[in-house]
Each structure stands twice: as C-alpha cells, then as structure tokens.
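This report concerns only the one structure given below.
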Amino acid sequence: MTDRDVLSGIPLFAEVLDEASLTALAAGATRVEYDRGAVLIEEHAPGESMFVIVRGAVAVSVRDGGKERRVATLHDGEVVGEMSLLTGARRAATVTAMRPTVAIEIPRSALAPILAAAPDLADHFAAIIEGRKKELDALYGERHWLTSGSPASEVAERVRRFFSRAG
C-alpha cells in the first residue's frame, strides 16, 4: 500500500483533501520504520512533524511526579503528534514503539501548502485537538497548558496563524 493510499484512508485527510492534495501530502511525507522501544516523539521537545501509524503500535506516555505513565496506545491508521505540529507548542507526551512499527512522518513543510490550499483542514484539525485536549484535561484533572480555555474556533485560528509563518 502506498503512502498516498494510507493517507486517503485517514478521515483527518480524506474528508477534507482532494486527490491532488493527498498526492502532494504523500510526496512530502516519509515512511519510517521503528524497532520495538524506539522513541518517535519525546515529551517537551519541539514538534515539527506528525505521524500516521501504518503498521504496529505505539505507547503514549507522560511524566507524572517523576514516573512515566502510559495514557494511550495507538494502532494502525491512528495519528499522533498533531497537537504540537499544528500549534507550535512543545510535545505533550512521549511516543514509543511497542513492537516493530511503520509510520508515515508528515513534516510541517509538507502540510503548510496543503493548509493554505484547504483552509477547512484547520477546522478539522482543531476538532481533533479539542478531543486530545479533553483527554489531557482528564489526565491532569485540570485544563492543560496547551490549549487551556480555547474553543475550537480559536484553536483553528491558532493553527492558521502558525502555518502562515511557515513560509
């Protein structure tokens, strides 16, 4: 299965992007293989890319009181790393391959022209970020620092502003 085929099966992209945009996004992405235990994303690091899990599984964990706590497990077809990529915030969690994993890494440079051509994508991403924000709020028992108090419309505008500086 090609990267374009994989991306076309991801609702996040398929619901908003046309065929040409999906092809362009796939062309700017890189397929990466990770061994068990490899770190895809490190908590608090800057985020310049997001990942689509093609095959495998990853653990999402946060440092809590000096201990690492798993907060989610993601599998084939799921997206991770979008919050910091889209907003410019630092990574909210560490993501580690639980077994050999193949992922498509989408850098900011590949997504910026797509967002410029498909402004509705920012709204779609904002809805995803809102869902992740609720997960973080539940985890920490309070508003998370990433998007504290921001409605989806403000998050979408934050995404647009961040990517307008990408050029």
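The values are calculated or read from the model by the stated rules, or taken from the named source; none is laboratory data. In this text, all values refer to a predicted model and were calculated from it rather than measured experimentally. Note that we place each Cβ from the backbone using ideal geometry, even for glycine, and neighbour counts take in every protein chain shown.
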Being at pLDDT below 80, under 20 Å from residue 59 (Cβ atoms) and within 15 Å of the chain's Cα centre (by Cα): is that true of residue 132 here?
yes
For residue 16, work out the one condition from (1) at pLDDT below 95; (2) in a helix (DSSP H, G or I) it doesn't fulfil.
(2)
Can you spot a residue in segment 67-75 that is of a type in the set (A, V, I, L, M, F, W, C) and under 19 Å from residue 1 (Cβ atoms)?
yes
Within segment 29-144, strands (runs of 3 or more DSSP E) holding 2 or more residues that are touching a residue at least 60 places away in the same chain (Cβ under 8 Å), touching a Lys or Arg at 6+ places or on another chain (Cβ under 9 Å) and surrounded by 15 or more Cβ atoms within 10 Å (Cβ to Cβ)
101-107
